[in-house]
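> There's a structure below that I have some questions on.
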Amino acid sequence: MDLTQAHRDALRDVLHWRRDVRHFLPDPVPDDVLVRLRAAMDMAPSVGNARPWRVLQVDSPALRAEIIANFAAANTKAGAIYDADKRADYNALKLAGLQDAPIHLAVFTAQDPAEGHGLGRQTMPEMLTYSTVCAIHTLWLVARAENLGLGWVSILDPDAVAQTLDTPDHWRLTGYLCLGKAAFTDDTPLLHRAEWQENTQTRWDRV
């Protein structure tokens, strides 16, 4: 099919309003919406069609508590790299919505999946992880189209997350995600509002 200006406008709106959400309402996400989000990930591109992403929905309060403790420890360690003034700015940032988000998703990458038969990853094995990132980004955009927010928590010890969730040895954590209804919508990233970092323009050179 030929896509129209209406399609382009809709995609631009989704891209513009997609945010890394850290403030969530506790409202549950309906099961039919979760089914649609999973189906969207099925359409994500992957190297050799290997589809290496493995998703765990973390519902257990005890497991969530371990993840939250993991974040707290990692966040303290991460803040220690800054001088006193910058550390105060860092500590003022809200960097995760783990306490409030109704859905936690731990997304892992299988390191040597049978799917794909090794195609496209012999010279760049990291393409498996990149494929999982594509699946997460697909989920992120479709969640926004469903009027949901998604936050990607990177301030975690990935080995400790794997231990908490008792995952197979050949799985590697790629993203820990918070999903739910955003407490508010905003077209300006929080890091811009906090004056931490503005966007820089994509460098695109010809050679």
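> Return only the number of the condition from (1) surrounded by fewer than 21 Cβ atoms within 10 Å (Cβ to Cβ); (2) hydroxyl-bearing (S, T, Y); (3) under 28 Å from R51 (Cα atoms) that T200 does not satisfy.
(3)
> Among the numbered criteria (1) assigned to a loop (DSSP other than H, G, I, E, B); (2) in contact with a Lys or Arg (Cβ under 8 Å, 6 or more places away or on another chain); (3) modelled with pLDDT of 95 or more; (4) not polar (S, T, N, Q), which single criterion is violated by G97?
The single condition G97 does not satisfy is (3).
> How about the stretch 36-67: which of its residues are part of a helix (DSSP H, G or I) and either modelled with pLDDT under 95 or closer than 21 Å to W171 by Cα (or both)?
R38, M41, D42, V47, G48, N49, L63, R64, E66, I67
> Checking P26 against (1) modelled with pLDDT under 95; (2) under 17 Å from A135 (Cα atoms); (3) surrounded by fewer than 18 Cβ atoms within 10 Å (Cβ to Cβ), which test does it fail?
In the conditions (1) modelled with pLDDT under 95; (2) under 17 Å from A135 (Cα atoms); (3) surrounded by fewer than 18 Cβ atoms within 10 Å (Cβ to Cβ), P26 misses (2) alone.
> I'd like to check which helices (runs of 4 or more DSSP H) are fully inside the stretch 111-207 and have at least 3 residues that are modelled with pLDDT of 95 or more and touching a strand residue (DSSP E or B) at 6+ places or on another chain (Cβ under 9 Å).
Of the helices (runs of 4 or more DSSP H) lying wholly inside the stretch 111-207, those with at least 3 residues that are modelled with pLDDT of 95 or more and touching a strand residue (DSSP E or B) at 6+ places or on another chain (Cβ under 9 Å) span 127-145, 158-165.
> Which members of the stretch 124-152 meet the condition of being surrounded by 17 or more Cβ atoms within 10 Å (Cβ to Cβ) and more than 22 Å from D42 (Cα to Cα)?
Of everything in the stretch 124-152, nothing turns out to be surrounded by 17 or more Cβ atoms within 10 Å (Cβ to Cβ) and more than 22 Å from D42 (Cα to Cα).
The values are calculated or read from the model by the stated rules, or taken from the named source; none is laboratory data. What you are looking at is a predicted structure, and each value in this text was computed from that prediction instead of being measured. Glycine gets a Cβ as well: all are built from the backbone with ideal geometry, and neighbour counts include every protein chain shown.
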